[in-house]
Amino acid sequence: MKDVALLGSTGSIGIQTLDVVRANTDKFNIKVLAAGTSVEIIRNQIAEFRPETVIMADNDAGRLIKDQFTEITVLSGQDALKESVGSSDIIVNAIVGFAGLPVTLTALNEGKILALANKESLIAGGPIVQKARMTKSAMIIPVDSEHSALHQCLHGYQSTFNEPSQSIRQLILTASGGPFRGLTLQELEKVTLDEALMHPTWNMGPKITIDSSTLMNKGLEVIEAHELFGVPYSEINVVVHPQSIVHSMVEFIDSSVIAQLSMPDMRLPITYALNYPNRNDSQWGSINWHQITKLEFEQPDFESFACLKLAYQAGETGQTAPAWLNAANEVAVEAFLQHQIMWVDIPHLIADVLDNYDGRQAIEENDIYEADKQARLVARKIMERK
């Protein structure tokens, strides 16, 4: 029986993680639940899974939970999240955005198994996270479907994250193309919020759904793949695959390609992460091969979806440039969700922020927080001038 700390339990990944736990009560015990402000959802989760500790990022929400569930430990505030790490065997970091970085660093520094769905913490804090990964017994098992696929394809080939196998020719990340695949720049100028929130294959939270529509999500995943597997950016490529059945591929130097396929269901990579290095019986993502008629692949449009190009550029720059990219994107997406900017303005705002990148080195943890803070200030100032 493994004790699990599930941070971000009321979001899409958190809810699907509980589906996996619910189907494997003999293998996993939810010891910690953590959420932001979603009191009603977490009340039901507490009643079903009876965790020892509950953490609410919002203090008012924490007080409401504490008044109702007097038999469990209830903590509140952002700093309390780090306190959840020590007592569990597996930490599932499903927190959305940059806020997940402290948990990622704490889990790795304490030598824990980290099931990582919070790609932003690895992207923004890459150099610092790599130092934490050196901690004895620390391990990252990616939950993103693409990186879970690469992890599975590389099983037995990948030595360490900073010494990739010389047998690898390239990593190939697949992208659905989002809801606006094939649209012209003129058509993209008319995109509405409701349209951007309608993903063709995946059911995700609003921030990740918007990132998918701009292909920033794929750009962030390129940086994440570099950080996870140590492969140069020149050997990480993206192909559009509308069916979302091939989740990613590895091409080796002998031209053999290994791919991981399943129907799009996040509970499969979650199951893989929780059970690693073992496999567990499950039907999530199972393919009916009699119904698959075609698998299509095409090149992404870097001009219409400039966020993908910006991500490659920030990744190649390194140091705190990815932190600037991530912060600028979070500000831009939030502004779009609040109807403050148009969809087509998102990459322009991010590009303007990166033009002001100050070149800060990523030496200490605080450098990442300062880079994030500075990039957000620059983004908001640019928005105020427009």
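A short reminder: the numbers here are calculations on the coordinates, not readings from a lab. Keep in mind it's a predicted model, so treat the numbers as computed, not measured. We place every Cβ from the backbone using ideal geometry, glycine too, and count neighbours over all the protein chains shown.
Counting only Cβ charges, +1 for Lys and Arg and -1 for Asp and Glu, the dipole size of the range 2-142 around its Cα centre is about 480 debye. Subtracting the Cα-Cα distance of ILE41 and GLN313 from 0.36 nm times their residue separation leaves 94.0 nm of extension gain. Sorting the Cα pairs of the range 259-386 by distance into bins of 5 Å, from 0 upward, gives 2, 9, 15, 14, 10, 11, 13, 12, 8, 4, 1, 0 percent per bin.
Measuring against 19 Å, Cα to Cα, the residue pairs LYS82/LYS207; LYS82/LYS119; LYS2/LYS119; LYS190/LYS381 contain LYS82/LYS207; LYS2/LYS119; LYS190/LYS381 as the ones spanning a longer distance.
In a simple Cβ point-charge model (Lys, Arg +1; Asp, Glu -1; nothing else charged), the chain has a dipole of about 500 debye relative to its Cα centre.
Here the range 117-276 was treated as a single set of alpha-carbon atoms; its pair distances binned every 10 Å from 0 give 10, 39, 35, 14, 3, 0 percent.
How big is the charge dipole of the range 306-386 about its Cα centre, in debye rounded to the nearest 20, if each Lys and Arg gets +1 on its Cβ and each Asp and Glu gets -1 on its Cβ?
Values: 8 positive and 13 negative charges, 68 e Å.
The calculated dipole for the range 306-386 is roughly 320 debye.
Of the options [x] 72, 51, 33; [y] 59, 46, 44; [z] 57, 53, 41, only one is Cα extents along the principal axes in Å as computed from these coordinates, and that is [z]. For the range 2-142, the equivalent ellipsoid derived from the Cα gyration tensor has semi-axes of 24, 16, 13 Å, listed largest first.
This ranking places LEU101, LEU64 by how few other beta-carbon atoms lie within 10 Å of each, fewest first, which gives LEU64, LEU101.
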